Structure formats: structure tokens, C-alpha cells
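The values are calculated or read from the model by the stated rules, or taken from the named source; none is laboratory data. What you are looking at is a predicted structure, and each value in this text was computed from that prediction instead of being measured. We place every Cβ from the backbone using ideal geometry, glycine too, and count neighbours over all the protein chains shown.
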Amino acid sequence: MQKLVALGLFMALNSCGQSSGPSVPDAIASADALPGASSTPYQSGEPSSVPSSPAPHADTSGDLMPNTSTLPVAPADIPPVETSTKAPDRTLTLSLNDNRGVWEGFGTSLGWWANGVGLSNFESLYADLLFTNKDVKFIDNKVLPGLGLSVVRYNVGGSGRAGDMSTLTEAENKAPSNDNAHDGVEPYRDIDGFWKDIGSTDPTSNSFDWTRDANQKSILTLAKRRGVNTFELYSNAPMWWMTAEHSAFGGGLLDEHKSNAMLYLALVAKQVRNVWGIPVSSIEPFNEPASNNWKFPVFQQGCNFALNAQIEELAYLKIHLTQQSVGDVKIASADESSPSAQTANNEYMKTQSAKHEGITILGTDLSDKVNVHTADAGVPFRDNGERDKLRASIGAKKLWVSDYNDSDPSGLALAETIFQDLSHLKPSAWIYFQAVEPYGAKGLVTGNFHMMPSDPAVRGKPTGVSVKYYVMAQFSRFLRAGQTLLGTGEEQSISAYDAASKKLTIVALNADSKERTMAIDLSQLQSFNQTVTMTVTRVDGSKLFKSKHVKILNNKVQTTIEPGSVISLELSEVVFP
């Protein structure tokens, strides 16, 4: 079958949103150039399924819970779609037998974008867009479906400030080949650390400054207020003075600070949980530790950790978490850049051990969860055989896809990767690396913060969303935290069941250039409501999060999936035998 190549439709993405015609909207809805800005924001000729809503306001939405399965209501004037009589191209089967476990949710890492937009005039708008299910008024009065992300990763920074230490000076970073950078590093990527100097290990002493990194902390707090309840800390590098290069931007850890590096993370976990009130459940001490990316100077914080060094550091972290009375915080490892690299890491850990409290612990038992990336430098990982090897290597151990991004504004690459990950890696959470970017198509939303303007009315001002944003909504608004994921007998669809609310959701992709007929066999269900709501996004941008009703006939849903589209269906009052 010919695969739809949507990327070509969006080559004008970075040219201020200019359009050659009104029939297909730009991949980026620009604040300065939106086609048809005075009419429907969707340019499709259909009524929008997202109703108008009041403009975002000050942060008063502490009761907004993303962990719900609320769907947009199909307008009453859209008639039910008759079940097709054609033989289906695909048939999905629904059964409890292919149980993928409890879903923790979709999420995003904070770090750069949160540093860029936190404490700006627009931070509540971003929090509503990303962490609620409500309909959010965006630029030019466009109304967007909130993504309802339920997992947040907070970046523990390693940078210092001038004058922090009288005996050492932080190395100046002159990372090459980054035209947008100031002194080699874009300001929003420079994440402050809290441990200023080695004078004391007491977190209440003057050696620590917990007021730093206020921007990222503000977004973290807004996420919690909106109902996010799964939080992870992750480190790209230790404090700058712990490294041989005297910088958090590449290099290696000094031997004398092997324990301090992990003590630092344990102290941050204690502070974030006990003082900030954020219920941190896990911590990730490395980021792509075995890669060759972290040679000082580089464009982001990073540190090399050889495999044998990781064993030692994980043991230190386990000790320090216990000593700081946060021993129930789970350890995730190793956040390698690909499933194949993570498999190599895990196989090595099986052969190694460490002493912990007088007990010999196998290397793989030093961590509670496996984190892995499924894109490298914005290029999606496409070897499903390597995905299968990783899942086989770790057995039943919990896994998160902790980092993914791509440069495809259409969302097709995103959808394909999510389905490949769910089918082969079987994660319990899936994280988009940076939900907001200052330019290009790697983010789901774009905003003005790459040079960190000081004016809070300018810094962070949103400039657009891509079609990829709506594709993400097709997943994140329907596959909700707390649901049980169920296989469907194929790889380009997934279902999820909420036994408490008796709701069943199905998300499916048609990546082809031709429409396909899909049937869903409901014969394994004991009972269900006869009305099905289907929401559709096409990757060419001609249909964005549109809802309609689909009929059930003879215990079967049969519908046509348009070319290059992601569909999400919800059935209510579902009971399995």
C-alpha cells in the first residue's frame, strides 16, 4: 500500500504561515498570518466540534482534572454515519486477554520550554493547553482542545551563577554551530542548579539556593494545580563544579564527587516533595549516558557516564534516597538514546552487581523502571525488532518512553511512533520531550522565548500550533491515566477500558493515501451503549479534531477511515463478561 507522505504539504511551515489557498490550513497557525482568521479556525467546511469558550484567565483552575475521559459532544445536526456494507480492510477485536496493563498517561518534560515561558503572562495559557481537557481560547480567538497530559518530568539543573564559588569559576560555554545561541547556549536551555558550592551538604545552609529555577518551578506548580499527579525528576548533568570541565555542558564527573552527584538528586527529591508539595514518584539520574554527545562544550547540559560508572552511581542514589527519607522514590534508568542502546545497557547490568547495605544487588535491580528514547535528534526510531529485543531483555519491568520529538508538523510520524511503541515496547507512559518550542516544528506549540526577552508580556507569547498538536490530542484526550490498555489484534490501533466509568476507547491510524474501511468486533462485550462518538484529525490539516456519531449494527462498528488520519472512538456503558 502506498503510504501517505504528508510532510511535503507543510514546506512553508517556517515562512510566517503564508498560505497559497484557503482549502488546507498551514501546519502552523500563526498569530500574524492565519488563513481565514475571521471565520472557522478549521478551514474544512464542517462545523467545529470544539465549542467556543471564555478566554483563558488567571490561574484559578486548580480543580481541573486531566484524568477524565470527557469527549467533545458531536453537534446534534450531524446525523449518525451508516455502517458500511463493504468488506472491511481491517477488523479489530476487543478482549481482556491482551491486557497491556494500567496506563499512566501521556506527558511532557519541562526543562527548556518551562524555563522559557514560566512566570510570563502566558504561563496559564500553556498550562491550560497542555494539562487540562477543557477547550482553550488560543491566538486570534482560535479554540483548541486541551491535551490533558497527566505526566510531567522536571529537569534538575546543573548551572551556577557568577560568584557562587570563590575558588572555582564556571567554564564559559562556546558551543559551536548554533546560530540562535548566545555565548554558545540559548538562554532557555541554561537550567539553574540549587547547590551553589561545596561548603556544606546541609540543604538549609547558604550553600543551597532553593529560589533558583523559578520559571520551571512555576510551570511545575501549575501542572499540579490542574490535576497532573505523576511526576518524575530527571538530570542531564550534575552541578557544574562536580565535573572535570567545571561545566554542566558536557564532560565527565570527578571521582571525588561520585557520591555528591547522587546526594544532590536525593536532596532535590526531598525538597520538591516535602517543601514544594509535588508528589515525585521517580527520579532519572542519567540522560543518554553512554552516547558520545557530551564532549564539552555542547549546546545543552549533559554528562558522560560509562556503564561501570552507572552501577556505582545507582548504588549511591539508592543509599542517599533512603538516608533523606525519600526511599520510596523509584529509580529509572538509563534513558538511552534508542531501544538498541538501552538493550545493551540492560544486558550489561545483568552481568554486574553492587553492594548496598551489606547486600549484593544485581545491576538490573538497582533501578525500578526502564526509560528509553524512541527518537534521536528528532529522527524517529523505526526498528521494531530492536524494540522487541528491549522488551524481551527487561521482561515484565515497567518501561516509559521518556523522550520523543520529531520535525514532522503533520503528526504522521508522531502517530506511527506511538503505535509502534505501544505495540512493541508496551510502555505505561509516553512522554513528548518539549511540548513547546521557540521555532520550527519539533514542538506541539511554538512561542517566543528563544532569546528570553525580559518583558513578561513578550516572553513566551504563543505563535502557533501544528497539525501535530491535534494528532497528539487524538491520543492524549482519549487514552487516559488509570485506564487498562488492551490490544486489538493489529499494530496501528489500541483500545483502553475504564472499568469504573464503563468507557471503552479505541484510537486507530490510517497512514495510507487511500481511505480504508475498519470494523470493530464487539461480540466479546457483554453489553454497551448503541451510540459511538468518533473524532477525526487528518494529517494534511483538512480536518482537525472533528466529531460525529457512528452506528453499531449487529455487534459491529464499521466505519471508513479517511486517508492520512487518526480516529478516536468512545463507547459508553461497556461491560466485559
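Of all residues in segment 378-415, how many are in a loop (DSSP other than H, G, I, E, B), small (Gly, Ala, Ser) and either over 20 Å from the mean Cα position of the chain (by Cα) or surrounded by fewer than 23 Cβ atoms within 10 Å (Cβ to Cβ) (or both)?
Restricting attention to segment 378-415, the residues satisfying the condition of being in a loop (DSSP other than H, G, I, E, B) are 378, 381-383, 395-397, 404-411.
Among the residues that remain, those that are also small (Gly, Ala, Ser) are: 378, 395-396, 407, 410-411.
Okay, now just the ones that are also either over 20 Å from the mean Cα position of the chain (by Cα) or surrounded by fewer than 23 Cβ atoms within 10 Å (Cβ to Cβ) (or both), so 378, 395-396, 407.
Within segment 378-415, residues that are in a loop (DSSP other than H, G, I, E, B), small (Gly, Ala, Ser) and either over 20 Å from the mean Cα position of the chain (by Cα) or surrounded by fewer than 23 Cβ atoms within 10 Å (Cβ to Cβ) (or both) number 4.
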Practice task
Any chance you could count how many residues in segment 526-561 are under 16 Å from ILE506 (Cα atoms) and either modelled with pLDDT of 95 or more or touching a Ser or Thr at 6+ places or on another chain (Cβ under 8 Å) (or both)?
Solution key: 24
Handout entry: Check on GLU256, under 22 Å from CYS303 (Cβ atoms) and either among the basic types (Lys, Arg) or in a loop (DSSP other than H, G, I, E, B) (or both)
Key = no
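Results for (1) modelled with pLDDT of 95 or more; (2) part of a helix (DSSP H, G or I); (3) outside the structural domain of LYS330 (by TED's automatic domain parsing), shown as yes or no for each residue.
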| position | (1), (2), (3) |
| --- | --- |
| SER205 | yes, no, yes |
| TRP210 | yes, no, yes |
| ASN215 | yes, yes, yes |
| LEU220 | yes, yes, yes |
| ALA223 | yes, yes, yes |
| PRO238 | yes, no, no |
Exercise for the section: Scan segment 363-377 residue by residue and report those that are touching a residue at least 40 places away in the same chain (Cβ under 8 Å) and not in a strand (DSSP E or B). Expected result: GLY363, LEU366, SER367, ASP368, THR374
Exercise for the section: State which residue is farthest from the chain's Cα centre (by Cα) when the search covers only segment 199-219 and only residues that are farther than 18 Å from LEU263 by Cα and exposed (fewer than 15 other Cβ atoms within 10 Å of the Cβ). Expected result: THR211
Problem - Inter-residue pairs, beta-carbon under 6 Å, first more than 22 Å from ILE552 (Cβ to Cβ) and in the same structural domain as GLN474 (by TED's automatic domain parsing) and in segment 84-111, second surrounded by fewer than 17 Cβ atoms within 10 Å (Cβ to Cβ) and not charged (D, E, K, R), 6+ apart - result: VAL102/THR484
Problem - Test: residue in segment 446-453 that is in contact with a helix residue (DSSP H, G or I) (Cβ under 8 Å, 6 or more places away or on another chain) and closer than 19 Å to ASP540 by Cβ - result: no
Practice task
Tell me which of these GLN271 doesn't satisfy, since it passes every other one: (1) touching a helix residue (DSSP H, G or I) at 6+ places or on another chain (Cβ under 9 Å); (2) in a helix (DSSP H, G or I); (3) polar (S, T, N, Q); (4) under 30 Å from THR221 (Cα atoms).
Solution key: (1)
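Out of ASP213, ASP209, ASP190, which single residue is touching an Asp or Glu at 6+ places or on another chain (Cβ under 6 Å) and acidic (Asp, Glu)?
After applying the criteria, what remains is ASP213.
With segment 130-180 as the region, which strands (runs of 3 or more DSSP E) entirely inside it contain at least 1 residues that are surrounded by fewer than 23 Cβ atoms within 10 Å (Cβ to Cβ), at pLDDT 95 or above and touching a Pro at 6+ places or on another chain (Cβ under 9 Å)? Don't jump to the end; show me each part of the working.
Numbers: elements: 135-137, 143-145, 151-156.
Once the strands (runs of 3 or more DSSP E) in segment 130-180 are filtered for at least 1 residues that are surrounded by fewer than 23 Cβ atoms within 10 Å (Cβ to Cβ), at pLDDT 95 or above and touching a Pro at 6+ places or on another chain (Cβ under 9 Å), what remains is 135-137, 143-145.
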Exercise for the section: Would you tally the residues in segment 514-551 being assigned to a loop (DSSP other than H, G, I, E, B) and either among the hydrophobic types (A, V, I, L, M, F, W, C) or crowded, with 16+ Cβ neighbours inside 10 Å (or both)? Expected result: 10
